[in-house]
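Asker: Here it is, the structure in full.
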Amino acid sequence: MVKLKSHHNYVVFFLTLSCNLNCSYCINLHNGGSRYKQAKRKQFTYKEWIEAANKLQLRDDLPITLQGGEPTLLKGFDIFTREVKSEIKMDLLTNMMFDVNWFIKNIPVSRFNREAPYAPIRVSYHPGQNKIEDLIYKTKKMEDAGFRVGIFGIELPDENLNKDVFKAQELCLKEGIDFRLKEFLGEYNGKIYGTFKYPGSVMGKLKYCKCKTTELLVDPNGYIFKCHSDLYNGRTPYANILDKDFSGKDADEALGNAGITINKNTVPGETRSPFVTSGIRVGSAALTSRGMKEKEFELIANKIADVLDDINNTELQAKIKEELKELAQNFVIIINQHIRS
Ligand code: SF4
């Protein structure tokens, strides 16, 4: 069970970074996002997202915000929203390119009905990408079905670009739809716009900010990040939401069976005995001295993760042992023989 701390005020599941629009200012790489390019591991299925959500112990005022990319593109999105334990509330950030009749038929209103000063379903209007008339039509249909929906536009730092956004706002207000403007954050024509606590940070001038994160962000592979900057810059996550409850000793044994030698190791704040431990230590010297490089290390790291993901699977361990034996045969240790004359 993952219990949120009192300082957490935003929990996000990035269900997928894929999207069906192509906004020029989008910060995601739609082939899976910046981090995914580096870690070639599979993305969570809806079943894994259900397991992840059910592990969370959330305060009543704290929903899971579903985000992306376009979160409704997750295969089985509807099943996910239906099958997570009933006490969990959700917010949805969407571009609303889905079939509204399908949404109304398959998504439970009760999941998205928490009390808040803004709508739990928040739709982004992107001029030139999604049409405001379509968003208005769908919003009204969804409201009739009991959902609370709001549309958001970004006030851009350019009068011409803003014309569409203001027109959309006018149309929505006429229809009684909650339309709000968000501040543009970022650089435009060499100038930084937006309100920042540490203005230099967005220009790369600040190397260190003393900010206390209040977020828990889970990427499409289930990795947990403490802030958006860590997520988008591909920094090391601090856990995976489906991390299993096994010890360093268990990992040592399972990896040993797969032909991978590591050491169990204590971690900061260790709660287990030094003979059991909660961590492992992985050395690289034995492999670099054989001549292995980045490609082999990436492969072995993924094999380690595969073994630990399914730690009791002895068949998998035996299979990986054979694969790694084959790999090692291409990297034979050359022993220098010193001959005394
Ligand atoms: S709708 Fe959002 S995720 Fe999709 S392309 Fe536009 S900015 Fe990116």
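Asker: Which FRET efficiency, nearest 0.05, do residue 54 and residue 332 yield, Cβ-Cβ r, R0 45 Å?
Answerer: Once the sixth-power term is evaluated, E becomes 0.40.
Asker: Could you compute the FRET efficiency for residue 174 and residue 114, with r as their C-beta to C-beta distance and R0 at 30 Å, rounded to 0.05? Numbers along the way, then the final one.
Answerer: Values: r = 28 Å, r/R0 = 0.92.
It comes out at approximately 0.60.
Asker: Using only the alpha-carbon atoms of the stretch 2-240 as identical scatterers, what base-10 log of I(q)/I(0) does the Debye formula give at q = 0.09, 0.18 Å⁻¹?
Answerer: Scattering profile of the stretch 2-240, log10 relative to I(0): -0.40, -1.62.
Asker: Could you let me know the centre-to-centre spacing of the stretch 75-116 and the stretch 272-312, using Cα atoms, in angstrom?
Answerer: So the two Cα centres are separated by 39 Å.
Asker: Here is a further query. What number comes out for the charge environment of residue 112, summing +1 per Lys or Arg and -1 per Asp or Glu over other residues with Cβ under 9 Å away? Could you put the intermediate results ahead of the total?
Answerer: Numbers: positive: 89, 111, 114, 148; negative: 91.
Charge balance in the 9 Å sphere: +3.
Asker: If the limit is 27 Å between Cα atoms, which of 131/182; 89/303; 295/321; 85/174; 138/167; 141/167 go over it?
Answerer: Working: 131/182 18 Å; 89/303 36 Å; 295/321 18 Å; 85/174 38 Å; 138/167 18 Å; 141/167 21 Å.
Over 27 Å apart, Cα to Cα: 89/303; 85/174.
Asker: Let me have the relative contact order for the stretch 46-117, percent, based on Cα pairs under 8 Å that are six or more residues apart.
Answerer: Working: 66 pairs, mean separation 26.3, N = 72.
The normalised contact order for the stretch 46-117 reaches 36 percent.
Asker: What does the helix-only formula give at 222 nm for the chain: each DSSP H stretch with n ≥ 4 adding -39500 (n - 2.57), the total divided by the residues, and the result rounded to the nearest 500 deg cm²/dmol?
Answerer: Details: 11 runs with 109 residues, N = 341.
So the helix-based figure for the chain works out to -9500 deg cm²/dmol.
Asker: Treating the beta-carbon of each Lys and Arg as +1 and of each Asp and Glu as -1, no other charges, what is the dipole magnitude of the stretch 248-328 about its Cα centre, to the nearest 20 debye? Each step should come with its number before you reach the end.
Answerer: On the way: 11 positive and 14 negative charges, 69 e Å.
Computed charge dipole of the stretch 248-328: roughly 320 debye.
Asker: Over all distinct Cα pairs, what is the inverse of the mean 1/r for the stretch 246-337, reported as the Kirkwood hydrodynamic radius in Å?
Answerer: Details: mean 1/r = 0.0711 Å⁻¹.
About 14.1 Å for the stretch 246-337.
Asker: Name the residue farthest towards the positive end of the dipole of the chain from the options 239, 287, 305, assuming +1 on Cβ of Lys and Arg, -1 on Cβ of Asp and Glu, about the Cα centre.
Answerer: Final value for the positive-end residue is 287.
Asker: Could you name the aspartates and glutamates in cross-link range of residue 226, using Cα to Cα under 12 Å and dropping any fewer than eight places away on the same chain?
Answerer: Qualifying aspartates and glutamates at Cα under 12 Å: 215.
Asker: Tilt of helix 159-174 relative to the longest C-alpha principal axis of the chain, in degrees (0 to 90, nearest 10)?
Answerer: Between helix and principal axis, roughly 70 degrees.
Asker: To the nearest 20 debye, what is the magnitude of the charge dipole of the stretch 58-129 about its Cα centre, counting +1 on the Cβ of each Lys and Arg and -1 on the Cβ of each Asp and Glu? Please report the intermediate quantities before stating the final value.
Answerer: Numbers: 9 positive and 9 negative charges, 18 e Å.
The calculated dipole for the stretch 58-129 is roughly 80 debye.
Asker: Stretch residue 182-residue 294 to full length: gain in nm at 0.36 nm per residue minus the Cα-Cα span?
Answerer: 36.0 nm
Asker: Compute, for the chain, the length of the dipole vector about the Cα centre, with Cβ point charges of +1 (Lys, Arg) and -1 (Asp, Glu) only. Units Debye, rounded to 20. All intermediate terms of the calculation are to be shown ahead of the outcome.
Answerer: Values: 49 positive and 43 negative charges, 174 e Å.
Charge dipole of the chain: 840 debye, to the nearest 20.
Bear in mind that the values in this text are calculations on the coordinates, not laboratory data. Since this is a predicted model, take the numbers as computed values, not measurements. Please note: Cβ atoms are built from the backbone with ideal geometry, for glycine as well, and neighbour counts cover all protein chains shown.
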